[in-house]
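Take a look at the structure set out below.
The values are calculated or read from the model by the stated rules, or taken from the named source; none is laboratory data. None of these values were measured; they are calculated from a predicted model. Please note: Cβ atoms are built from the backbone with ideal geometry, for glycine as well, and neighbour counts cover all protein chains shown. In case anyone asks, the SASA skips ligands and DNA or RNA and just uses the protein heavy atoms, side chains included. Shrake-Rupley method; radii C 1.70, N 1.55, O 1.52, S 1.80 Å.
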Amino acid sequence: MPSIIVPARNNQAFTSTCLGSILFAVSRLNLSCEFILIDDASEAGENIIEVFKQHRASATAHHCKIVRSHKHQHYSGVFSIGLHLSTRDVIFFISNDMLVTPSFLEALLLVSSLSRDIGIVRGTSNYTDSHPEHQVEPPEPLKTYPEIDSFSRNQFSVNACSYVEDELLSGDAILLKRSLVERIGVLDMRFFGYFGDIDYGMRAKLAGFKLACAKGAWLYHEGAGHVKRQLERNRHLKYEDLHAMRMALVEGAYQEFRSKWHIRDGPPTCAGLRTTEFVAKGLANADRVSLKYDFPPSVIDDLEFY
């Protein structure tokens, strides 16, 4: 039975709806799950811990771990915390601006079972980060969860267990195997928010695991949920300002990536960068990079458990 990691930084409404969809999906599949719910230093008034507690009260057939980080960990941090706390052989990581369906989970589980070499499985969506080839838009806007569930079931019925291998990892909704985590550890937390999944995918492939996309797995992704919530909370901010702040984080992470993977040539900044190019350059130096990254024990000091 799986672990399901759901992090949230702000956005009570998205988080509640996401958890409700997951609970419906696992109930339909008769799965008994370990939920690991992580509040990533949400701002005052967002009530994320209360949302998590309400979910735990509704999910009596499941085991829930609720944790709040007093320090903003961003993507790599919350993912690593979740992996550290998980105890199951199959692990799902789901962003809190997504609506999960039974068919989505079923397709991921099915593809993961096809080969022991498949270490990470993602799906398709109406909105995909870094993988436009996996973007599947419904012919008409989906306005209700039953419509989302129906479209997801249709994608599963058409594509079933078919999958393609990916060169890169974009990990906003994925399944991982325990054997992979035991081999390469958690995400490298020097990457604050960005490049953590790309680095993890490279390490997974170097360790002999495949990155797969289950073409029969489809979920609804709101997209940029945290950015939208920031704009709602801070009316004086403009989207252009938030985009500039985000790109500064991306640039910092890119420089960390270049340093870790000993990339001396190529573009000095991430502007206009083709991801496949710098990944290839990094993999050429794989013998100089440790595949395993262990969870830093000091991170526990920033956590509060409920």
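Dipole size of region 19-174 about its Cα centre, with +1 on Lys/Arg Cβ and -1 on Asp/Glu Cβ: approximately 680 debye, rounded to the nearest 20.
Taking the DSSP beta bridges with both ends in the chain, the antiparallel portion is around 40 percent. Amide H contacts of residue 295: 186, each under 5 Å away and 5 or more positions distant or on a separate chain (H built 1.01 Å from N in the peptide plane; Pro and chain starts excluded). Using just its DSSP H runs of length 4 or more, each adding -39500 (n - 2.57), the chain gives a mean residue ellipticity at 222 nm of -12500 deg cm²/dmol after division by all residues.
Please arrange 259, 80 by accessible surface area, largest first, computed with a 1.4 Å probe and ligands excluded.
259, 80
Phi angles across region 206-219 convert, under the Karplus curve 6.51 cos²θ - 1.76 cosθ + 1.60 with θ = phi - 60°, into 3J(HN,Hα) values of 5, 7, x, 9, 9, 9, 10, 10, 7, 6, x, 9, 9, 9 Hz, Gly and Pro given as x. Accessible area per residue for region 15-69 is 38 Å², calculated with a 1.4 Å probe on protein heavy atoms, without ligands, DNA or RNA.
Residues whose amide H comes within less than 5 Å of that of residue 216, counting only those at least five positions distant or on another chain, are 162 (H built at 1.01 Å from N in the peptide plane). The share of accessible area on the chain that comes from carbon and sulfur is 51 percent, using a 1.4 angstrom probe. The relative contact order of region 1-131, computed from alpha carbon pairs under 8 Å that lie at least 6 residues apart in sequence, is 36 percent.
The spacing between region 139-157 and region 10-76, judged by their C-alpha centroids, is 24 Å. A rounded overall shape is assigned to the chain, the ratio a/c of its alpha-carbon gyration tensor axes (a ≥ b ≥ c) being less than 1.5. Each residue of region 123-132 is assigned a 3J(HN,Hα), and the resulting list reads x, 10, 6, 6, 9, 10, 8, 6, 10, x Hz, derived from the Karplus form 6.51 cos²θ - 1.76 cosθ + 1.60 (θ = phi - 60°), x at Gly and Pro. Over the chain, calculate the relative contact order: mean separation of alpha carbon pairs under 8 Å at least 6 apart, over the residue count, as a percent. Relative contact order, the chain: 22 percent. Based on the alpha-carbon gyration tensor of region 1-153 and its eigenvalue square roots a ≥ b ≥ c, which shape applies: rounded if a/c is under 1.5, prolate if not and a/b is larger than b/c, or oblate? Rounded is the answer for region 1-153, as its axis ratio a/c remains below 1.5. Normalised by the number of residues in region 92-189, the mean separation of alpha-carbon contacts (under 8 Å, six or more apart) gives a relative contact order of 44 percent. Here's the picture: charge each Lys and Arg Cβ at +1 and each Asp and Glu Cβ at -1 in region 26-137, and of 108, 35, 119 the one pushed furthest to the positive end of that dipole is 35.
Look at the Cα gyration tensor of region 18-97: its axes a ≥ b ≥ c give a/c of at least 1.5 with a/b at or below b/c, and that counts as oblate. For residue 275, the solvent-accessible surface with a 1.4 Å probe is about 50 Å², rounded to the nearest 10.
Computed from phi, the 3J(HN,Hα) profile of region 298-306 under the Karplus parametrisation 6.51, -1.76, 1.60 (θ = phi - 60°) reads 5, 5, 4, 5, 8, 9, 10, 9, 10 Hz, with x in place of Gly and Pro. GNM remark for the chain: springs join alpha carbons under 10 Å apart, and the peak mean-square fluctuation among 124, 60, 144 falls on 144. Rounded to the nearest 20, the Cβ-based charge dipole of the chain about its Cα centre (Lys and Arg +1, Asp and Glu -1) stands at 420 debye. Restricting the calculation to alpha carbons of region 1-47 gives Rg and Dmax of 11.9, 36 angstrom.
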